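Working notes, structure below.
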Amino acid sequence: MDTSTEDEAFSRWRAAVLDSLASPERVLAWQDRRYRFAHQVGQLLTNPARPDAAPVSGHVVYGVYVAGAGLLYVGQTGDAKRRLRDLPVGESHHLATTVPPETWDRVIVVQWPDLLPGPRDSEGLIAEQLGHQTCGLALEYLLQVTYRPVMTARRRSSAGEWAARRIDSSRSRGAINSGRFPGLFIAVRAMWDQLADTPGPVTGDPAVHVVAGRVIFPARVL
């Protein structure tokens, strides 16, 4: 896309938003619509798959896709109930402030502890020794290196610009420990690919649940 086309698209977007903020009543209606939608998406990400099931909580890895650009973001958290509900609201997560959740094609969630081998397995022992937070960071790093999400390819600079993120040479805790969970990552990647390829429902529930994971389709909520 050339600069003139980008400027034209930005101008249309800004004009549409300004139209929605043209009066105090419209501002409140805009706020109501956006929060109602974000709340519904957050509920789909965390609510139990069945009445007798537990809500999504604890450690997960997750990813956000848009049509055209593909995978935008890969993240991990040890507090899925809070973090996933906040994801579309954007109160502590930058993604929704840049790419509105109304444009998201799908959100993938993998509850990776459910895929972890038993405590007698070497990877299970390593996860116990290092802690699930370190294991989650390792999986997040491996997913980022494997799929190269668009919005984690750069980092902000203090000069108001962007700089390339050298993820392959990272010395983060996740990167350092990423080679210690080969079997777990194979299982997580298989689940991820399954959810990434799952067709969106034509009608009905905008979420598809599988063992240890789910994919939701935010556009079905609109």
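Figures for the structure shown
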{"read-out": "Lys/Arg +1, Asp/Glu -1 at C-beta; the chain dipole; positive extreme among 217, 75, 107", "value": "75"}
{"read-out": "Charged-residue dipole, Cβ positions (Lys, Arg, Asp, Glu), the range 168-222 about Cα centre, Debye nearest 20", "value": "280 debye"}
{"read-out": "Range of Cα positions in the range 1-114 per principal axis (Å), largest first", "value": "48, 37, 22"}
{"read-out": "Options 159, 133, 66, ranked by Cα towards positive dipole end of the range 48-171, top entry (Cβ charges)", "value": "159"}
{"read-out": "For the chain: relative contact order, % (alpha-carbon pairs under 8 angstrom, 6 or more apart)", "value": "22 percent"}
{"read-out": "GNM top mover of 212, 53, 67 - the chain, alpha-carbon springs below 10 Å", "value": "53"}
{"read-out": "From phi via Karplus (6.51, -1.76, 1.60), per-residue ³J(HN,Hα) for the range 31-41 in Hz, x at Gly/Pro", "value": "4, 4, 4, 5, 6, 4, 5, 4, 5, 4, 5"}
{"read-out": "GNM flexibility winner over the chain from 70, 160, 78 (Cα, springs under 10 Å)", "value": "160"}
{"read-out": "Charge dipole (the range 1-71, unit charges on Cβ, about Cα centre) - positive-most of 17, 5, 54", "value": "54"}
{"read-out": "Degrees between helix 132-147 axis and first principal axis of the chain (Cα, 0 to 90, nearest 10)", "value": "60 degrees"}
{"read-out": "Euclidean distance of C-alpha centroids, the range 183-205 and the range 31-64, integer Å", "value": "17 Å"}
{"read-out": "Residue among 64, 56, 145 with the largest mean-square fluctuation in a Gaussian network model of the chain, springs linking Cα atoms under 10 Å", "value": "145"}
{"read-out": "Environment charge of residue 155, counting only residues whose C-beta is closer than 11 Å and scoring Lys/Arg +1, Asp/Glu -1", "value": "+3"}
{"read-out": "Cβ-placed point charges (K, R +1; D, E -1), dipole of the range 49-186 about Cα centre in debye, nearest 20", "value": "380 debye"}
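Laboratory data are not the source of any read-out in this text; all were calculated from the coordinates shown. Please read these numbers as outputs of a predicted model, since none were measured by experiment. Reconstructed Cβ throughout: ideal geometry from the backbone, glycine too, with neighbour counts over all protein chains shown.
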